[in-house]
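S.K.: I have a structure here, written as structure tokens, and I will follow up with some questions on it.
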Amino acid sequence: MKRILLLLSTICLFQWITSQNIEIQREEWRYILEERGDPEVNEQDINNLIEQLSERTERPFNINTVSKEELGEIPFLTDLQIENLLYYRYTFGELKTMHELRLVEDFDASLILLITPFFRIEESLSTPVDNRVYKPRQELLIRFDSNLNKKEGYVDKPDSVLIANPNKQYVGSPFYTSLRYRFEQRNRLRFGITLEKDAGEQLFREEFPFVDFFSFYLQIRNRGFLKNLLVGNFKAHFGAGLVINNGFGFGKTANSGDMMFRNQGVTPHTGTDEYNYLQGIAATMQFSRWLLTPFCSYRRIDAVLNRNDGISALSSIKKDGVHNLFREVNKRNKATLFTVGTNLGFTGNFYRIGATAIYHKFNFPYLPPDRKYAVHQFKGGALYNFSVDYFLRKNNISLSGEWSMGEHGKFATVNKIEFYPANSLTFLMIQRYYDPGYHSWFSKSFSEGGDVSNETGYYLAASFKPVSGVSVNMAFDFFRFPWLKYGVDKPSSGYETIFQISYQPMLKLKLAARYRLKKRDKNRVGALPGADAVESYQRQVAGINLTSVVSDFFYFRSAIEGTFYKFTHDPLYSGVVISQSIGYKMSNFPLQADLNCAFFDTDNVNVKVYLSEKHVLYGFGIPSFYGNGMRYASNLKLDISSNLTVWLKFALTSYFDRDEIGTALEKIEGSSKHDIWTLIRYKF
């Protein structure tokens, strides 16, 4: 009876949720992910995750059959919430409507609003299935971006200049373009192809595939004991990422450890990241409660290949995937990387334990230049790692982590303990120790420096909801670097504090504020002779934003953020950005329009500000600015038919304090910069 009464009392509320414009829902989780990721370190990771989640909304999970592993792909769900959803489904059976999520413990209206786009309700298998369920779904996307100004790198140079220095001009055209094709049938068979060319790269090349980047994958799922088979380009994430993690690494928030500590296995590489993936074959096989995932990869990578004293060696590895200069073209595919590994895991009722082993082999030894800060850097032609990961949950406490060992006995470990004394209160601690001599090629885990090496630290966080509609997150992180780092000529340490509070009195209105303070050591440019070249600096960021959904078709978001930066003996520098976003979807015409306007004013590049603005589908970017100026952006989505949709974005950045923008080959004469993005999607 209680279940029925609660359902009846919330139906009206969730009619608004399910009927709400999905574009507005997507905007909310996009803002959340941007807050959780550090744009200075993780912009590409954030881009990849935004793309994966956007794709997931196009093929949502069946909420009545979705697995624990699949629920782990949704970053807005904590481990406890995942367990609660599975327990509810086990106790009460299939969900009949999305309204029923309100009955799941620790699921409130704002959370359900976030995750609704990722789920669908599918009828019981005992009901006759519509033939359309078996119809393949295909999608073709064509994207075209361009800067409308004439950059210095595209200005024609005399042959005499290019003969003396061919890197004075970009080798290709100034536009970005990509083409993607995807095929899926019943979520059991998936196939995809991606072609891409970055700005400044050649559109056509002599060798196949005629564009700069080509990627493909074929995935077969749920065929008996074969749970997942991948051929082509794929990503892998096991344990806490100490051995391998081609996925996303969150920044520091009160629930920082949730995604990082989830064993996501192997997934297709559907994006345009040209470095962080594997290429070959991977399979996940299930035997009762055991999962075995062997994988093998062989791919070319960009590198600088030198030959000294008759020995060829790699002096650096290029990871950005851009080949718009003659010297960058010469680095393309200069080395090969062979990777073989496996993961074995066992899942019990309240625990999971796994082991991962991996081996990397280069065709030439990797011998980077000798630098004092890089004395512990990996050198050689091969490296290996072995790790054990675990997860244990009992009542209101969960433990998880990974212990890994590499060459010469160097090891790394990261461990998390989470305590839930009540549904509205969570405590979290993450401890990590990464030896300066520990290395793993595609590792990514919880860290301050961005690498799983040369770092120790403790992270403490608390999240609670004191009253209805109010959520408070607090965190403190202390970190230490036992050896030198790039730009820091001695062992160093620092700390970071985070405070976030949000107030949501109703689903249509949300007010949020955040504050971050980070203190780290850094080489001080211009230090006096004999003085310590390493000094501490503080960076503070404080912001507040208000989001209001006026109706199912109209919303606005206002935000202001200030940044402050100070070296010990330098004056305080500051920067501010004020932005206003408005979104409107016409009720009698298939057009969605989003407008954004921002004013920024900073003292220098140390206090540059970041701006969140809507992009075309599967597109993402966090533009940064310093100086003084205005940013205007408009984003249009037009549904020409049920199968054909077009996105168009235009942005204008106008500076008040300069007559030219950028430097070197990116220099633009004038005080304004114009950019355009276009995406066409055809579904059939």
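S.K.: Once phi is turned into θ = phi - 60°, what whole-Hz ³J(HN,Hα) does the Karplus curve with 6.51, -1.76 and 1.60 give for every residue of the range 423-436, x standing for Gly and Pro?
M.R.: Per-residue couplings from phi come out as 4, 9, 9, 9, 10, 9, 9, 10, 10, 9, 9, 10, 4, x Hz.
S.K.: Continuing with this model, one more query. For the full complex of protein chains and a 1.4 angstrom probe, list GLU105, GLU73 by accessible area with the highest value first.
M.R.: Heavy-atom accessible area, descending, gives GLU105, GLU73.
S.K.: Still on this model: Do you know the relative contact order of the range 268-404, to the nearest whole percent, from alpha carbon pairs under 8 angstrom that are 6+ apart?
M.R.: So the answer I get is 19 percent.
S.K.: For VAL550, what accessible surface area do you get with a 1.4 Å probe? Give it in Å², rounded to 10.
M.R.: 80
S.K.: Taking the Cβ-Cβ separation of VAL340 and SER424 as r and a Förster radius of 56 Å, what is the calculated FRET efficiency to the nearest 0.05?
M.R.: Computed FRET efficiency for VAL340 and SER424 comes out at 0.75.
S.K.: Determine the order of TYR87, TYR495, TYR298 by accessible area, beginning with the largest, at a probe radius of 1.4 Å.
M.R.: Solvent-accessible surface, decreasing: TYR87, TYR298, TYR495.
S.K.: Could you tell me which residue out of ASN222, ASN263, PHE567 lies farthest along the dipole of the chain toward its positive end? Charges go on the beta carbon: Lys and Arg +1, Asp and Glu -1, centred on the Cα centre.
M.R.: ASN222
S.K.: Counting Lys and Arg as +1 and Asp and Glu as -1, what is the net charge of the other residues whose Cβ lies under 9 Å from the Cβ of LYS318?
M.R.: +1
S.K.: Say each of ASN165 and PHE287 gets a label point 7 Å from the Cα, pointing the same way as Cα to Cβ; how far apart are those two points in nm?
M.R.: Label at ASN165, label at PHE287, 6.3 nm between them.
S.K.: Under 1.5 on a/c is rounded, so check that first for the range 590-652, then, if it is not, pick prolate when a/b is larger than b/c and oblate when it is not; a ≥ b ≥ c are the square roots of the alpha carbon gyration tensor eigenvalues.
M.R.: Prolate, because a/c is 1.5 or more and a/b exceeds b/c.
S.K.: With the contact rule set at Cα under 8 Å and sequence spacing of 6 or more, what percent relative contact order holds for the chain?
M.R.: 10
S.K.: For the residue pair THR568 and MET630, what label-to-label distance in nm results when each label sits 7 Å from Cα along the Cα-to-beta-carbon direction?
M.R.: Once both label points are built, they end up 4.4 nm from each other.
S.K.: Hey, another quick one. Taking all protein chains in place and a 1.4 Å probe, what share, in percent, of the accessible surface of the chain do carbon and sulfur account for?
M.R.: So the carbon and sulfur contribution to the accessible surface is 60 percent.
S.K.: About its Cα centre, what dipole magnitude does the chain give when the only charges are +1 on Lys and Arg Cβ and -1 on Asp and Glu Cβ, stated in debye to the nearest 20?
M.R.: Dipole about the Cα centre, nearest 20: 1260 debye.
S.K.: Shifting gears a bit: How many nm separate the modelled label positions at LYS150 and ILE582, each set 7 Å beyond the Cα in the direction of the Cβ?
M.R.: 3.6
S.K.: Work through the residues other than PHE499 whose Cβ is under 9 Å from its Cβ and net out their charges, Lys, Arg +1 and Asp, Glu -1.
M.R.: The answer is +2.
S.K.: Ranking request for peptides 312-319, 263-270: highest mean number of other beta-carbon atoms within 10 Å first, then the rest in descending order.
M.R.: 263-270, 312-319
S.K.: Evaluate E = 1/(1 + (r/R0)^6) for ARG223 and ARG332, where r is the Cβ-Cβ distance and R0 equals 45 Å; express this FRET efficiency to the nearest 0.05.
M.R.: Working from the Cβ atoms, E equals 0.75.
The values are calculated or read from the model by the stated rules, or taken from the named source; none is laboratory data. Since the model is a prediction, treat every value here as computed from it, not as a measurement. Every residue, glycine among them, receives a Cβ derived from its backbone with ideal geometry; neighbour counts consider all protein chains shown. Calculation scope for accessible area: heavy atoms of the full protein, side chains included, ligands and nucleic acids excluded. Shrake-Rupley method; radii C 1.70, N 1.55, O 1.52, S 1.80 Å.
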